[in-house]
Amino acid sequence: MFEKLKPQVTEIITQKSSSVEERLLQICQLLNANIDYYDWVGFYFKNGDKPELKLGPYVGEPTDHTIIPFGKGICGQVAVSNENFVVPDVQAQDNYIACSITVKSEIVIPLFVNGENVGQIDIDSNTPDPFTEADERFLEFVNEKVAGIL
Ligand code: SME
């Protein structure tokens, strides 16, 4: 499944006629439509010079959490740790920001441009414990591609 999606990600990234925002939205749509346990797919980016994340393109239920301070929630922790964060069970996390009661698990992968953590891709799933290392490798691939157009 991931191997089939990779060329489609590359194709979206290289569409020079679309804005970066549009291309990121298309990537969210591609992942949400093709991976059944990816129920909410979105990008957060560092908000200028502020120590906070700002919501970028996403697919799924609207969220109130359009700004997340560094350190808060899974996303805010990844902003400071620079490391992948896989959460098999969100209820077992103390520092977690709930967006929807249907969400059971989450994966957040940081996005680096020239070695700097500038944002992340965030996936929420309504399935408990669905993420494997294959998801991590695939989402790292997506972020590397996205980094090339930022
Ligand atoms: N659950 C995230 C907040 C973002 S929403 O999932 C869209 C967190 O704990 O950082």
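From the set of residues in region 1-27 that are modelled with pLDDT of 95 or more and of a type in the set (Lys, Arg), which is farthest from Lys145 (Cα to Cα)?
Lys4
Step by step: first the residues of region 99-118, then only those that are near the ligand (Cβ under 9 Å from one of its atoms) and surrounded by 16 or more Cβ atoms within 10 Å (Cβ to Cβ), then the one that is nearest to Ile68 (Cα to Cα). Which residue is that? Walk me through how you get there before you give the answer.
Filtering region 99-118 for residues near the ligand (Cβ under 9 Å from one of its atoms) gives 99-100, 103, 106, 108.
Going one step further and asking which of them are surrounded by 16 or more Cβ atoms within 10 Å (Cβ to Cβ), we end up with 99, 103, 106, 108.
Details: Cys99: 12, Val103: 18, Glu106: 16, Val108: 14 Å.
By that ranking, first place goes to Cys99.
Of the residues that sit in region 4-62 and are basic (Lys, Arg), away from the ligand (no atom under 16 Å from the Cβ) and in contact with a helix residue (DSSP H, G or I) (Cβ under 9 Å, 6 or more places away or on another chain), which one is farthest from Ala98 (Cα to Cα)?
Within region 4-62, the match that is farthest from Ala98 (Cα to Cα) is Lys4.
Restricting to region 63-74, count the residues that are β-branched (Val, Ile, Thr), within 22 Å of Ala92 (Cβ to Cβ) and either away from the ligand (no atom under 11 Å from the Cβ) or in a loop (DSSP other than H, G, I, E, B) (or both).
Number satisfying all stated conditions: 1.
Scan region 90-101 for residues that are assigned to a loop (DSSP other than H, G, I, E, B) and within 17 Å of the chain's Cα centre (by Cα) and report the count.
Residues of region 90-101 that are assigned to a loop (DSSP other than H, G, I, E, B), as a first pass: 93-101.
Narrowing the set further to residues that are within 17 Å of the chain's Cα centre (by Cα) leaves 96-100.
Total meeting the criteria: 5.
The values are calculated or read from the model by the stated rules, or taken from the named source; none is laboratory data. Since the structure is predicted, the reported quantities are computational estimates derived from the model, not experimental observations. As a convention, Cβ positions derive from the backbone with ideal geometry for all residues, glycine included, and neighbour counts pool all protein chains shown.
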